[in-house]
Amino acid sequence: MFKFLNIFVVLCVFQTLRASPYDPNKIKEWGQCGGIGYKGKTECQPWLKCYELSDWFHQCLKEKPSPSPQTSALSSTITIPTTRNNDPFYREWDQCGGIGFVVEKQCTVGLVCESINDWFYQCRRPRYKVFANIYEQCGGVSFKGKTECAIGLKCVFINDWYSQCLPFYEIKSIPNTQIIENKSPKLKDLDVTESDLN
């Protein structure tokens, strides 16, 4: 009985290990697996397939993203065209940039246009990062904290030891107004002294 139990346990462990097909030498989900100019790995994890999303970009996915339907039926007699070209925004997984790509619109609200490589940018959900908030330190010699500022803020160099997240202003052209363009404010431009920061 004891010998049978040992064999059973060994078989269960073997089956569990065999059921974990992850291979560190193969491409993970969402990774690039081909395309013009691509020189990396081309084999996806066993449960993924390499789909050609454009001539320049092939991607490891569980299933191929389905294109937007050309028409959608409300009943057996009425159809409403819903062509993708009429959409005011690019949808998730759509190409939104890259060398030779003509950008005609923005990604749908809640998505960002992420650079996959020089030839292919794709609308994706943002990868959540922790950003430094307004007036927080974002850089400096030996600084090990958050180095990217939240949306609407810019990491402004104060001195070698301290950079701070401050509001970022850019107003292009509004009729009958003065044009203000301040992409990278410096401490001296803000009429703030170091004692104001403490």
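The values are calculated or read from the model by the stated rules, or taken from the named source; none is laboratory data. As the structure is a computational prediction, the values presented were derived from the model and not from experiment. Heads up, the Cβs are rebuilt from the backbone with ideal geometry, glycines too, and the neighbour counts pull from every protein chain shown.
At a glance:
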{"read-out": "Residue among Phe101, Phe143, Phe157 that is at pLDDT 90 or above, assigned to a loop (DSSP other than H, G, I, E, B) and surrounded by 11 or more Cβ atoms within 10 Å (Cβ to Cβ)", "value": "Phe143"}
{"read-out": "Enumeration of residues in region 1-53 that are of a type in the set (Gly, Ala, Ser) and either in contact with an Asp or Glu (Cβ under 9 Å, 6 or more places away or on another chain) or at pLDDT below 55 (or both)", "value": "Ala19, Ser20, Gly34, Gly35, Gly37"}
{"read-out": "Residue pairs meeting the criteria (Cβ under 6 Å; at least 6 apart or on separate chains; first more than 14 Å from Ile116 (Cβ to Cβ), in region 20-31; second part of a loop (DSSP other than H, G, I, E, B))", "value": "Pro21/Pro46; Lys26/Glu43; Lys26/Gln45"}
{"read-out": "Filter result (closer than 23 Å to Lys28 by Cα and either surrounded by 11 or more Cβ atoms within 10 Å (Cβ to Cβ) or at pLDDT 90 or above (or both)) within region 63-96", "value": "Lys64, Pro65, Arg91, Glu92, Trp93, Asp94, Gln95, Cys96"}
